[in-house]
1. Of (1) surrounded by 21 or more Cβ atoms within 10 Å (Cβ to Cβ); (2) on the phi < 0 side of the Ramachandran plot, ARG169 satisfies all except one. Which?
2. Scan region 46-66 residue by residue and report those that are of a type in the set (S, T, N, Q) and either within 13 Å of THR80 (Cα to Cα) or not assigned by TED's automatic domain parsing to the domain that holds LEU86 (or both).
3. Can you go through GLY118, GLY113 and tell me which one is under 26 Å from PRO152 (Cβ atoms), surrounded by fewer than 20 Cβ atoms within 10 Å (Cβ to Cβ) and at pLDDT 90 or above?
4. Test TYR195 against the criterion of being modelled with pLDDT of 95 or more and either over 16 Å from the mean Cα position of the chain (by Cα) or not aliphatic (A, V, I, L, M) (or both), and give yes or no.
5. Tally the residues that are of a type in the set (Ser, Thr, Tyr) and either assigned to a helix (DSSP H, G or I) or touching a strand residue (DSSP E or B) at 6+ places or on another chain (Cβ under 6 Å) (or both), restricting the search to region 1-22.
6. Where residues in region 23-51 are within 25 Å of LEU157 (Cα to Cα) and in a strand (DSSP E or B), which of them is nearest to the chain's Cα centre (by Cα)?
7. Which ones in region 170-185 are in contact (Cβ under 8 Å) with a residue 60 or more places away in the chain and over 17 Å from the mean Cα position of the chain (by Cα)?
8. List the number of the failed condition for ASP167; all other conditions in (1) under 17 Å from the mean Cα position of the chain (by Cα); (2) over 22 Å from PHE238 (Cα atoms) hold.
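The values are calculated or read from the model by the stated rules, or taken from the named source; none is laboratory data. Just so we're clear, the structure is a prediction, and the values are computed from it rather than from any experiment. Here the Cβ positions follow ideal geometry from the backbone for every residue, glycine too, while neighbour counts run over all protein chains shown.
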Amino acid sequence: MSVIRVVSYNIHKGRSATGSRESLADLRLGLYGLRPDLLFLQEVQGRNQQRFSLDAQHESLAAALHMEAAYGRNAVQDATDHGNALLSRYPILHFENQDISDHRMEQRGLLHGVVDVGGAGVHCIVVHLGLLAKGRSRQVAALVERIKRLVPSDEPLLIAGDFNDWDNRLAPLFVQQLGLVEVFAAAPQGMDEIYRLRRTVARLRHSMPWGQGFGATRSLELGVGDHAARLTPPPRTFPSAFPWFRLDRIYQRGFAVRRARVLHGAPWKKLSDHAPLIAELELP
């Protein structure tokens, strides 16, 4: 049995939430304190020829955290490029970056690595989907096709990143087609305060005489039933100073979820425009 600490974080190219200052040094300290085993990072600058302090961010973070690194370059400009990165305390056996760009204005990719965790190959896919709904649907279709082609159904799988899916429309695809579960839906007390309150109210209503007869409908709507619970919306992560949108996710298959948290408040609200997610997962 292995317990793995997984963190997903859009690091905003190593700049603060407002973009007014560099935050990479503070990011290194913050991530070091989390003691992650796997880091799924988005908006990582692999090259910055204008500012050396922002160059090769995946290598800088990996060196500070004593982790291996894989980088998938997506957006390329004259002096910079950025994309996704996978950092691992375990050996990275191999990785590939698949271009899933839907149009010229947004360069996107799937960084797919296989990590050796105690002899088990764990598939890790870092994603950063597009801003347009139709484009995201096509990108998820490419993701589903890749998984069905390259990931055996009996091997553990993690997909994490910035999905830009603020209305949670893509969740049924992951649940129904791939058998994935979002970690906040599976974790003990893993949902945010609004949904915990709704479930508490539902239980109270069900216990009252006037609340009988509505159990089946209420279970589906409020997430009491197993299928509906797996579609529970994830927490709010953007903007980090006042989180409102549910953009970031960690999906898993083959693990038991021990704990899941979104890191609000200091110092995270200043380090990036997204709040990071952290989950403790148990691999049998």
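1. Status for ARG169: all satisfied but (1).
2. Selection gives ASN48, GLN49, GLN50, SER53, GLN57.
3. Among GLY118, GLY113, only GLY118 is under 26 Å from PRO152 (Cβ atoms), surrounded by fewer than 20 Cβ atoms within 10 Å (Cβ to Cβ) and at pLDDT 90 or above.
4. no
5. Total satisfying the criteria: 3.
6. PHE40
7. none
8. (2)
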